[in-house]
Amino acid sequence: MTATGTIDRQVPVRVFGGPTALIEYGGLRFLTDPTFDPPGDYPRAGRPLLTKTAPPATTPADLGPVDVVLLSHDEHPDNLDDSGRALLGDVPVVLTTPSGAGRLGGDARGLAPWASVELRRPDGGTVTVTGAPALHGPEGAEAVTGEVVGFVLTAAGLPTVYVSGDNASLELVGQIAGRFGPVDTAVLFAGAPRIPGVLDGALLVLDSVQAAEAARILGARRVVPVHFDSWTHFTEGRDALVDAFAAAGLTDRLRLD
């Protein structure tokens, strides 16, 4: 993995910028938080403006078939934009929060924390997708930032994959590790996003030091960071991740190239 568009040989993961990554697992192709709109300002009614600074590394037309979208939440344009919404209609399975499934309608399915669904693998057997708890900010943030869910992928004979979604809580990471750890691949949303005027500028997702700690808690063999670039509200990027994992003695687990 994962310089943009490259593939790791065990559980293939391709990162396209922002929170959007393609995971090939059990013969199925899972896409996280689809965002394919161009750079620009993204106004939100009654909320601070978000600004995207870089285009994605691919387009929906170039993705190829997608079997499942793992959508951590639908309410923020840096996790689901207009192009991503259009793509959902072409995907057989969309898993997201229970409230998000109600807003999206169609075939979107809500997945509460610790609930699971079984997806049939093309070559027989199933992949289990379990909802992982997530908190988009400090305690009590749900009233402001909304409901968020992460995901754990498991299947007979395959390594465990964890997708954090926009989670800022190491306590919840500990709960996930208690049920599923050690995990093989952790796709961690990071970037230390902060938005002035929102929750007093508190961290909304893990910072780089916390991402390294999450890797340790999970016992992750490999960490694929996403959602740390392409938007102005991220306060830490690639260099901060490299430094934090080096300081924690976990450089060998970080996959950025």
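The values are calculated or read from the model by the stated rules, or taken from the named source; none is laboratory data. Note that the structure is a prediction, hence the values are computed from the model and not measured. FYI the Cβ positions are ideal-geometry reconstructions off the backbone, even for glycines, and counts take in every protein chain you see.
Please state which one of Thr251, Thr154, Thr232, Thr160 is of a type in the set (Val, Ile, Thr) and under 16 Å from the mean Cα position of the chain (by Cα). Break it down stepwise before answering.
On the way: Thr251 fails: under 16 Å from the mean Cα position of the chain (by Cα); Thr154 fails: under 16 Å from the mean Cα position of the chain (by Cα); Thr232 fails: under 16 Å from the mean Cα position of the chain (by Cα).
Just a single option satisfies the conditions, and that option is Thr160.
Tell me, which strands (runs of 3 or more DSSP E) lie completely within the range 25-64 with 1 or more residues that are modelled with pLDDT of 95 or more, crowded, with 16+ Cβ neighbours inside 10 Å and out of contact with any helix residue (DSSP H, G or I) (no Cβ under 6 Å at 6 or more places or on another chain)?
Working: elements: 28-32, 40-44, 47-52.
Because the criterion is at least 1 residues that are modelled with pLDDT of 95 or more, crowded, with 16+ Cβ neighbours inside 10 Å and out of contact with any helix residue (DSSP H, G or I) (no Cβ under 6 Å at 6 or more places or on another chain), the strands (runs of 3 or more DSSP E) in the range 25-64 that meet it are 28-32.
Only one residue in Asp229, Asp200, Asp252 is over 28 Å from Gly178 (Cβ atoms) and either among the aromatic types (Phe, Trp, Tyr) or surrounded by fewer than 16 Cβ atoms within 10 Å (Cβ to Cβ) (or both). Which one?
Asp200
Answer yes if at least one residue in the range 94-109 is modelled with pLDDT of 95 or more, in a strand (DSSP E or B) and small (Gly, Ala, Ser), and no otherwise.
yes
I need the full set of residues from the range 65-94 which are out of contact with any strand residue (DSSP E or B) (no Cβ under 8 Å at 6 or more places or on another chain) and farther than 24 Å from Glu142 by Cα, in order please.
Scanning the range 65-94 gives Ser83, Ala86, Gly89, Asp90.
Only residues that are outside any helix (DSSP H, G or I) and polar (S, T, N, Q): list them for the range 176-210, please.
Thr185
Could you list all residues from the range 211-248 that are in a loop (DSSP other than H, G, I, E, B) and either farther than 16 Å from Gly174 by Cβ or among the hydrophobic types (A, V, I, L, M, F, W, C) (or both)?
Across the range 211-248, the qualifying residues are Ala220, Arg221, His227, Phe228, Asp229, Ser230, Thr232, His233, Thr235, Glu236, Gly237, Ala248.
Look through Gly105, Gly125, Gly174, Gly150 and report the one residue that is surrounded by fewer than 18 Cβ atoms within 10 Å (Cβ to Cβ), in contact (Cβ under 8 Å) with a residue 24 or more places away in the chain, out of contact with any helix residue (DSSP H, G or I) (no Cβ under 6 Å at 6 or more places or on another chain) and not basic (Lys, Arg). Full working, then the answer.
Working: Gly105 fails: in contact (Cβ under 8 Å) with a residue 24 or more places away in the chain; Gly174 fails: out of contact with any helix residue (DSSP H, G or I) (no Cβ under 6 Å at 6 or more places or on another chain); Gly150 fails: surrounded by fewer than 18 Cβ atoms within 10 Å (Cβ to Cβ).
It is Gly125.
Considering each of Glu213, Glu171, Glu147, Glu139 in turn, give the residue that is modelled with pLDDT under 95 and over 16 Å from the mean Cα position of the chain (by Cα). Give the steps one after another, and end with the answer.
Numbers: Glu213 fails: modelled with pLDDT under 95; Glu171 fails: modelled with pLDDT under 95; Glu147 fails: over 16 Å from the mean Cα position of the chain (by Cα).
Of the residues listed, the single one that is modelled with pLDDT under 95 and over 16 Å from the mean Cα position of the chain (by Cα) is Glu139.
Need a quick list: strands (runs of 3 or more DSSP E) entirely within the range 122-175 having at least 3 residues that are touching a Phe, Trp or Tyr at 6+ places or on another chain (Cβ under 8 Å) and among the hydrophobic types (A, V, I, L, M, F, W, C).
Values: elements: 126-133, 149-154, 161-163.
In the range 122-175, the matching strands (runs of 3 or more DSSP E) lie at 126-133, 149-154.
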